[in-house]
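The values are calculated or read from the model by the stated rules, or taken from the named source; none is laboratory data. Everything numeric in this text was worked out from a predicted model, so none of it was measured. Calculation scope for accessible area: heavy atoms of the full protein, side chains included, ligands and nucleic acids excluded. Shrake-Rupley method; radii C 1.70, N 1.55, O 1.52, S 1.80 Å.
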Amino acid sequence: MASPSLSLKFSRSTPSPLFSLSNSSFSLLPLHLGRCLSPTQSLANSTFSLFGSPSVHNPRRRASWSQSWRSLKRFRCEAAQAGFFTKLGRLLKEKAKSDVEKLFSGFSKTRDNLAVIDELLLYWNLADTDRVLDELEEALLVSDFGPKISIKIVESLREEILAGKLKSGDEIKSALKRYVLELLTSKANKSDLQLGFRRPAVIMVVGVNGGGKTTSLGKLAHRLKNEGIKVLMAAGDTFRAAASDQLEVWAERTGSEIVVGEGEKVKAASVLSQAVKRGKQEGFDVVLCDTSGRLHTNYSLMEELSACKRAISKLIPGAPNEVLLVLDGTTGLNMLPQAREFNEVVGITGLILTKLDGSARGGCVASVVDELGIPVKFVGVGEGVEDLQPFDAEAFVNAIFS
């Protein structure tokens, strides 16, 4: 019996064949998943078929091969897009690390509150342990770390001091920073954007009135556009009269496209649906969906938010990829009830904490992560367009404990 012949053509960018022939069977090997390749195939006078059945001349076998090849192409393309979005999230975070000065200056008021810790530890000795730790706990509470976290940190420090593990003020401060860092990373360690594996990725931004929601969305668009991302905005805030105008200004400022609802009684879900459809049709990378500000206690408006999310998921399974809740950092621990309600209704995937530059309550960052287990994705540390910073736990700890 003659052995089957196989002729394949590969593009120059293909580092190795996609197919292997073994025991007269034809198998597909998903190699180099980061690229979307489409090599051509020539099947010459052979009697092999997909996954071992003999006869490629059979029309059904040809259809099966064609379907399998299309499935492989789709899988490879989705893998490539997944790599693209993963790299984007990491790139934003890496750039934040290189711009730590903004984060450092943004938390100056919180840092001033916590400066008393340096004074307490400067001349620390074992006999003063109880007094020093009591005052340290008070400093944490004033900065809105919250009673639960503050007591937990102080008691952990007390145990290590009494066990002889911490013998100087510098060692106590290092342990303090380590505890806060572990708290931020153990419960919510995915602080970079999780944008899935298919275009367009959809980010839905929600929050109460006056928290800085639309402004945060505009600044996020600016960051994405700087990385060469094709951004489409959706003006889903259909209640506030000036909301669409404000977002249109941001769209022009950042060079983004925008979808705005027509008519006075247009529904937010309809606007977001139009935007996602356009995003799919025109090949946008990211669709940023603004929504109306609402009190977390208003049941009907919270239900509308849920309807918006359902409308998006009907068009793209698994979307929105991120539901970001914008919280006003100046409210401190008062933001926790808001976060709980929004999370219950739409499933919050990340937080944007704004106005932290004007507040001495930066400890609320640790409190909200500890209470909810939801990662902080961005922090607002100023009014400038560059002042929405991707959150980095280590940089944050270093910024508040100078």
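Measuring nothing but how far apart in sequence close Cα pairs (under 8 Å, 6+ apart) lie, relative to its length, region 313-402 scores a relative contact order of 25 percent. Heavy-atom accessible surface of Glu155, to the nearest 10 Å², is about 80 Å², with a 1.4 Å probe and all protein chains retained. Once the 1.4 Å probe is applied to the protein heavy atoms, region 350-402 comes out at 23 Å² accessible per residue. Evaluated over the Cα positions of region 278-402, the convex hull gives a direction-averaged projected area, one quarter of its surface, of 8.8 nm². Which of the aspartates and glutamates could a cross-linker bridge to Lys167, judged by Cα under 20 Å and excluding same-chain residues fewer than eight apart? Straight-distance partners of Lys167: Asp118, Glu119, Asp128, Asp130, Asp134, Glu135, Glu137, Glu155, Glu159. In a fully extended conformation the segment linking Lys280 and Arg240 would gain 11.7 nm over its present Cα-Cα distance, using 0.36 nm per residue.
When Glu344, Glu135 are compared by accessible surface with a 1.4 Å probe, the order from highest to lowest is Glu344, Glu135. Output the pairs from Lys219/Lys309; Lys109/Lys187; Lys309/Lys377; Lys265/Lys314; Lys213/Lys265; Lys213/Lys309 with a Cα-Cα distance over 24 Å in this structure; if there are none, say none. Beyond 24 Å between Cα atoms: Lys109/Lys187. Taking all protein chains into account, the per residue accessible area for region 171-270 stands at 45 Å² (1.4 Å probe). Nonpolar atom fraction for region 97-181, defined as the carbon and sulfur part of the 1.4 Å probe accessible area, stands at 53 percent. Residues whose amide H comes within less than 5 Å of that of Val385, counting only those at least five positions distant or on another chain, are absent (H built at 1.01 Å from N in the peptide plane). Ligands, DNA and RNA aside, Tyr179 has an accessible area near 40 Å² when probed at 1.4 Å.
Taking all protein chains into account, the per residue accessible area for region 290-348 stands at 40 Å² (1.4 Å probe).
Note on region 126-266: Kirkwood radius taken over Cα pairs, Stokes-Einstein applied at 37 °C and 0.692 mPa s, translational D equal to 170 µm² s⁻¹. Working note: Cα gyration tensor of region 103-179, eigenvalues times five, square-rooted, sorted largest first, giving semi-axes of 21, 14, 11 Å.
Taken over region 233-309, the percentage of Cα pairs per 10 Å bin, counting from 0 up to the bin with the maximum distance, is 19, 51, 26, 3. Computed with a 1.4 Å probe over protein heavy atoms only, the accessible area of Phe378 comes to about 0 Å².
For region 209-357, compute Rh as the Kirkwood radius over C-alpha pairs and then the Stokes-Einstein diffusion coefficient at 25 °C and 0.890 mPa s; write the answer in µm²/s, rounded to an integer. It diffuses with D of about 157 µm²/s by this estimate.
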